[in-house]
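Participant: Here it is, the structure, as structure tokens.
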Amino acid sequence: MADGTLPPVLTSSHPIGGLTPLRMTGVRLVRKGQVLLNIEDLTIGSAGVTVLLGPNGAGKSLLLRVADGLVRPDAGAVTWGGLAPDGTVRRRIGFVFQQPVLLRRSVRANLKFAMGISGLWDRRKADRALEDAGLAGLGDRPARVLSGGERQRLALARALVLDPEVLLLDEPTASLDPAAVAAVEGMIGRAVARGLKVVLVTHDIGQARRLADEVIFLHRGQITEQAAARLFFADPRSAAAKAYLSGLLIP
Amino acid sequence: MLNRRTFVGLATAVALTASSLLAAANDAKSILLQSTTSTANSGLFDYLLPLFTEKTGIRVDVVAVGTGQAIKNAENGDGDVLFVHAKADEEAFVAAGHGVKRFDVMYNDFVVVGPKADPAGVAGGRDAAAALKAIADVEAPFASRGDDSGTYKAELKLWQKAKVDVKAASGGWYRETGSGMGQTLNVAAGMGAYALTDRATWAAFENKGDLAVLVEGDTALFNQYGVILVNPEKHPTVKADLGQTFVDWLVSKEGQAAIAGFTIGGEQLFYPNATPSGS
Amino acid sequence: MQDFGAAFRLAGHLLVSGDPDLLEIVARSLAVSLGAVLVACLIGLPLGALIGFLRFPGRRAIVVFLNALMGLPPVVIGLLVYMMLSRAGPLGPLGLLYTPTAMVIAQAVLVTPLVAALARQTVETLAAEYDEYFQSLAVPWHAALGALLWDGRSALVTVALAGFGRAIAEVGAVIIVGGNIDHLTRVMTTAIALETSKGDLALALALGMVLILLSVGVNAAVMGVRSRAVEAGHG
Ligand SMILES: Nc1ncnc2c1ncn2[C@@H]1O[C@H](COP(=O)(O)OP(=O)(O)O)[C@@H](O)[C@H]1O
Ligand SMILES: [Mg+2]
């Protein structure tokens, strides 16, 4: 703070009353007789990076969607700092999908669209975001010709440029090479250092070890374990998590 | 690059071109003439109307359709002057108050055309009804307008006179094209059929193929044209003054002489016969 | 049929000689059909896009209806517009019958369902792709509509071209509402119909060839603009 007179919370561009913690109570999602999600009680606090781990089809992506209010659960409640995830709340949450949706426009126009929706278009800010993503100089390139790693970084930059309070990331480095993974993790790390809350879905146990402050293990739509990262990796409690960490196939 | 500016620019250019071209129309002093294909397609109007326009400065826009449709259009008020050839219908049009007054303008005649091979053996005859009877007897193909035109009405009268029930033969040897004179002649040329046509359309028709005039000169083939100013009391948008100027000119000495002067290949196609008092 | 050779020679001659009557008719055809397509796009693109991305009850029925409207014969449209614009019709006082404006209206009515139906298809695919992202940003519907139309522009240009093709080629509607009046409402197709009815098949065919060239020219011009856009990767 340049003048150092304002309390930190008021310098934030966000209204008083943060979005964390995220709370889910009694959330159930059933499709065709299948229980896809069954979350009795979940709280995700304001600190650092929460990693969602679990085998394919466990419901990790669904959990993120329900959290963002994109999918309405059949029962239960989802709140962010006490607020239901409506449009206003959703705009304060950044969401990068497993398959990033890039508009058929230039890289910069992708940022411009996202910023314009909230009336925040600022070219210099956009260029800084591109720089942070290692995409400086690609601003005029059509987004859809980018490489996989560039696409992920663009999607991440496009979410970050809106100054969200929370970032939901669904396997942002799946199918990227190590250098690209490092670039994306670098961006995530810098955002977290600025105080951003991140909820990250990943299959990459190494990545989870590098980034996670807290781990939630999901199996067949149910949370079998939620623990500080150090404890989880040292001594997973649930059988499913144990098997998963040791590389076993779990049913 | 197809950016927003080129996009908007293109659209604007298209809009401007379109509107300027479209706006160029319909400024001059003009009247709308509902008439028939025979007068337009024969080239009579191309010859006649410039003479009128030169004298009066009034442009004549022609809608050339079948007589029945022309009368319908005029009844809807979509036209200033009606110039067709179906006397009974024209008189009914005036009687119903749609027209001010009917004037005879000119006549020509219908002819029966057919393939030179002439399977019905009607060539050279002068009795139209007898010729049609002969065609019906051998069931030689006959192409009919089958629409609401003056020519079709004249044809039906002839079939009546010949005591032939063409409705029963429709789809067989009797083929109703449901289209204009030229179109019907195209069909006749295409299938070697007989047909009844006005002489003017025939003379100007370029796709005669194997067809030739086989029967002509019967008084029953007489074809009278009349002109009527659409009634401004019934249809207030009618340009009564300009329209009346046109009607007056057609039946005047000058207009009548002009009609007589129209020829194709040296052949006179319309014979002026206006009576100053009208009918 | 020796008409083909004659028609080719005549078409070449017409083009080379720059016959003023022909140029006038060509210009009018272009003006009427481009004008109609412009109107059809202004209405049909947003309409099709809305149907493509909004979810509401009865939507499927509307899609079926719209697709069916694509098949309406021009002559039926011509009749409907004639009945509206005739002096005896509800819009008679405007005095539009037998004017190029009437022809634009008729062709716009003819082409709008086509444009809307094809735009619906295009936008629906794109909307499915964008849907979750737009939801996560809480994009308002009008901004979403604009973005879908803009990002789908490459495909939508083809839609507009399809509309233009249908408009410039039809004769049934314009001959009824335009009346094929020389120097006022005569366009390529009605001129072709007229020459055919005069039995001048060679001239009719020659005009038809000129019409094809015209259509090819417009398509090439638009695709030229479009392919440059695609090269720039915005397709
Ligand atoms: N809209 C939906 N309707 C029905 N089933 C769904 C839907 N979305 C996801 N599923 C199912 O829910 C399960 C969890 O999916 P997902 O959350 O994508 O798994 P993952 O943990 O791999 O991200 C899968 O079996 C998937 O098929
Ligand atoms: Mg997933």
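The values are calculated or read from the model by the stated rules, or taken from the named source; none is laboratory data. No experiment lies behind these values; they were computed from the predicted model shown. All Cβ positions, glycine included, derive from the backbone under ideal geometry; neighbour counts span all protein chains shown.
Participant: Which residues, taken from the stretch A:36-67, are within 11 Å of the chain's Cα centre (by Cα), more than 10 Å from ligand 2 (Cβ to nearest atom) and part of a helix (DSSP H, G or I)?
Facilitator: Listed by number, the list holds a single entry, A:Ala67.
Participant: Further question: From the list A:Asn110, A:Asn38, which one is polar (S, T, N, Q), buried (at least 18 other Cβ atoms within 10 Å of the Cβ), modelled with pLDDT of 95 or more and within 16 Å of ligand 1 (Cβ to nearest atom)?
Facilitator: On the way: A:Asn110 fails: within 16 Å of ligand 1 (Cβ to nearest atom).
Among A:Asn110, A:Asn38, only A:Asn38 is polar (S, T, N, Q), buried (at least 18 other Cβ atoms within 10 Å of the Cβ), modelled with pLDDT of 95 or more and within 16 Å of ligand 1 (Cβ to nearest atom).
Participant: In this structure, does A:Leu70 turn out to be within 16 Å of ligand 2 (Cβ to nearest atom), assigned to a strand (DSSP E or B) and closer than 30 Å to A:Met24 by Cα? Don't jump to the end; show me each part of the working.
Facilitator: Values: within 16 Å of ligand 2 (Cβ to nearest atom): yes; assigned to a strand (DSSP E or B): no; closer than 30 Å to A:Met24 by Cα: yes.
No.
Participant: Looking at A:Ala174, A:Ala133, can you tell me which residue is out of contact with any strand residue (DSSP E or B) (no Cβ under 7 Å at 6 or more places or on another chain), among the aliphatic types (A, V, I, L, M) and within 16 Å of ligand 1 (Cβ to nearest atom)?
Facilitator: Exactly one of A:Ala174, A:Ala133 is out of contact with any strand residue (DSSP E or B) (no Cβ under 7 Å at 6 or more places or on another chain), among the aliphatic types (A, V, I, L, M) and within 16 Å of ligand 1 (Cβ to nearest atom), namely A:Ala174.
Participant: Scan the helices (runs of 4 or more DSSP H) fully inside the stretch B:101-217 and keep the ones with 3 or more residues being away from chain C (no Cβ under 14 Å) and more than 30 Å from B:Thr245 (Cα to Cα).
Facilitator: Details: elements: B:128-138, B:150-162, B:166-169, B:181-191, B:199-204.
The qualifying helices (runs of 4 or more DSSP H) are B:128-138, B:150-162, B:166-169.
Participant: Please go through the stretch B:57-75 and pick out each residue that is closer than 17 Å to B:Ser179 by Cβ and aliphatic (A, V, I, L, M).
Facilitator: Matches in the stretch B:57-75: B:Val63, B:Ala64, B:Val65, B:Ala70.
Participant: Considering each of B:Ala220, B:Ala212, B:Ala136, B:Ala128 in turn, give the residue that is surrounded by fewer than 18 Cβ atoms within 10 Å (Cβ to Cβ) and either more than 28 Å from C:Ala193 (Cβ to Cβ) or of a type in the set (D, E, K, R) (or both).
Facilitator: On the way: B:Ala212 fails: either more than 28 Å from C:Ala193 (Cβ to Cβ) or of a type in the set (D, E, K, R) (or both); B:Ala136 fails: surrounded by fewer than 18 Cβ atoms within 10 Å (Cβ to Cβ); B:Ala128 fails: surrounded by fewer than 18 Cβ atoms within 10 Å (Cβ to Cβ).
Just a single option satisfies the conditions, and that option is B:Ala220.
Participant: Considering only helices (runs of 4 or more DSSP H) fully contained in the stretch B:3-82, which possess at least 2 residues that are at pLDDT 95 or above?
Facilitator: Numbers: elements: B:4-23, B:37-41, B:44-56, B:67-75.
Correct list: B:44-56, B:67-75.
Participant: Hey, can you tell me all the residues within the stretch B:64-89 that are among the charged types (D, E, K, R), facing chain C (nearest Cβ under 10 Å) and touching a Phe, Trp or Tyr at 6+ places or on another chain (Cβ under 9 Å)? Step through it out loud before you land on a result.
Facilitator: As a first pass, look at the stretch B:64-89 and keep what is among the charged types (D, E, K, R): B:72, B:75, B:78, B:80, B:87, B:89.
Okay, now just the ones that are also facing chain C (nearest Cβ under 10 Å), so B:72, B:75, B:78.
Passing the criteria: B:Glu75, B:Asp78.
Participant: Within the stretch A:140-160, take every residue that is within 17 Å of A:Met187 (Cβ to Cβ) and not in a helix (DSSP H, G or I) and give me the one that is nearest to the other protein chains (Cβ to nearest Cβ).
Facilitator: My answer is A:Leu146.
Participant: Based on what the data block shows, is C:Ser86 in contact with a helix residue (DSSP H, G or I) (Cβ under 7 Å, 6 or more places away or on another chain), farther than 30 Å from A:Gly87 by Cα and within 10 Å of another protein chain (Cβ to nearest Cβ)? Give the derivation first.
Facilitator: Values: in contact with a helix residue (DSSP H, G or I) (Cβ under 7 Å, 6 or more places away or on another chain): yes; farther than 30 Å from A:Gly87 by Cα: yes; within 10 Å of another protein chain (Cβ to nearest Cβ): yes.
When the stated conditions are applied, C:Ser86 passes them.
Participant: For the stretch A:161-199, name all the residues that are touching a residue at least 60 places away in the same chain (Cβ under 8 Å), more than 14 Å from every other protein chain (Cβ to nearest Cβ) and within 16 Å of ligand 2 (Cβ to nearest atom).
Facilitator: Within the stretch A:161-199, A:Glu171, A:Pro172, A:Ala174 meet the criteria.
Participant: Could you please find all residues in the stretch A:108-138 being under 21 Å from the mean Cα position of the chain (by Cα), part of a loop (DSSP other than H, G, I, E, B) and more than 12 Å from chain C (Cβ to nearest Cβ)?
Facilitator: Passing the criteria: A:Ala133, A:Gly134, A:Leu135.
Participant: Mind checking whether some residue in the stretch A:177-184 is away from ligand 1 (no atom under 16 Å from the Cβ), buried (at least 22 other Cβ atoms within 10 Å of the Cβ) and closer than 17 Å to A:Leu135 by Cβ? Spell out how you get there, then give the answer.
Facilitator: Let us first name the residues in the stretch A:177-184 that are away from ligand 1 (no atom under 16 Å from the Cβ), namely A:177-184.
Then keep just the ones that are buried (at least 22 other Cβ atoms within 10 Å of the Cβ); that gives A:184.
Now narrow it down to the ones that are closer than 17 Å to A:Leu135 by Cβ: A:184.
Yes: one or more hits.
Participant: A follow-up question, please. For the list (1) farther than 17 Å from B:Lys101 by Cβ; (2) at pLDDT 95 or above; (3) more than 14 Å from chain C (Cβ to nearest Cβ), I need the number of the one condition that B:Leu242 fails.
Facilitator: With (1) farther than 17 Å from B:Lys101 by Cβ; (2) at pLDDT 95 or above; (3) more than 14 Å from chain C (Cβ to nearest Cβ) applied to B:Leu242, the lone miss is (1).
Participant: Conditions: (1) in contact with a strand residue (DSSP E or B) (Cβ under 7 Å, 6 or more places away or on another chain); (2) under 25 Å from C:Arg9 (Cα atoms); (3) small (Gly, Ala, Ser). C:Ala193 meets all but one. Number of the miss?
Facilitator: (1)
Participant: Right, next: Given the criterion at the interface with chain A (Cβ under 10 Å from one of its Cβ atoms) and assigned to a helix (DSSP H, G or I), identify the matching residue among C:Glu129, C:Glu195.
Facilitator: Values: C:Glu195 fails: at the interface with chain A (Cβ under 10 Å from one of its Cβ atoms).
On inspection, the qualifying residue turns out to be C:Glu129.
Here's the yes/no breakdown for (1) modelled with pLDDT under 95; (2) away from ligand 1 (no atom under 13 Å from the Cβ):
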site	(1), (2)
A:Arg65	no, no
A:Thr79	no, yes
A:Gly94	no, yes
A:Pro100	yes, yes
A:Leu103	no, yes
A:Ile117	yes, yes
A:Asp122	yes, yes
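Participant: Oh, and also: C:Gly178 fails exactly one of the following numbered conditions: (1) more than 12 Å from the chain's Cα centre (by Cα); (2) more than 14 Å from chain A (Cβ to nearest Cβ); (3) surrounded by fewer than 24 Cβ atoms within 10 Å (Cβ to Cβ). What is the number of that condition?
Facilitator: With (1) more than 12 Å from the chain's Cα centre (by Cα); (2) more than 14 Å from chain A (Cβ to nearest Cβ); (3) surrounded by fewer than 24 Cβ atoms within 10 Å (Cβ to Cβ) applied to C:Gly178, the lone miss is (3).
Participant: Sticking with this structure for a sec: From the residues in the stretch A:125-146 that are small (Gly, Ala, Ser) and free of Cβ contacts under 8 Å to residues at least 12 places away in the same chain, which one is farthest from A:Thr202 (Cα to Cα)? Break it down stepwise before answering.
Facilitator: Residues of the stretch A:125-146 that are small (Gly, Ala, Ser), as a first pass: A:126, A:129, A:133-134, A:136-137, A:139, A:143.
Now narrow it down to the ones that are free of Cβ contacts under 8 Å to residues at least 12 places away in the same chain: A:136-137.
Numbers: A:Ala136: 27, A:Gly137: 30 Å.
Residue satisfying both the conditions and the ranking: A:Gly137.
Participant: Being over 15 Å from the mean Cα position of the chain (by Cα) and within 10 Å of another protein chain (Cβ to nearest Cβ) is the filter here, so list the residues in the stretch B:50-63 that pass it.
Facilitator: Going residue by residue through the stretch B:50-63, those that are over 15 Å from the mean Cα position of the chain (by Cα) are B:50-60.
Of everything in the stretch B:50-63, those that are over 15 Å from the mean Cα position of the chain (by Cα) and within 10 Å of another protein chain (Cβ to nearest Cβ) turn out to be B:Arg59, B:Val60.
Participant: Does at least one position in the stretch C:52-69 carry a residue that is assigned to a helix (DSSP H, G or I), within 12 Å of chain B (Cβ to nearest Cβ) and surrounded by 20 or more Cβ atoms within 10 Å (Cβ to Cβ)?
Facilitator: Residues of the stretch C:52-69 assigned to a helix (DSSP H, G or I): C:52-53, C:59-69.
Now drop any that are not within 12 Å of chain B (Cβ to nearest Cβ), which leaves none.
No, the stretch C:52-69 contains no residue that is assigned to a helix (DSSP H, G or I), within 12 Å of chain B (Cβ to nearest Cβ) and surrounded by 20 or more Cβ atoms within 10 Å (Cβ to Cβ).
Participant: Report, by residue number, each residue of the stretch A:181-234 that is of a type in the set (D, E, K, R), touching a helix residue (DSSP H, G or I) at 6+ places or on another chain (Cβ under 8 Å) and closer than 25 Å to A:Gly26 by Cβ.
Facilitator: Restricting attention to the stretch A:181-234, the residues satisfying the condition of being of a type in the set (D, E, K, R) are A:185, A:190, A:194, A:197, A:204, A:209-210, A:213-214, A:220, A:225, A:230.
Then keep just the ones that are touching a helix residue (DSSP H, G or I) at 6+ places or on another chain (Cβ under 8 Å); that gives A:185, A:190, A:204, A:209-210, A:213-214, A:225.
The answer is A:Glu214, A:Glu225.
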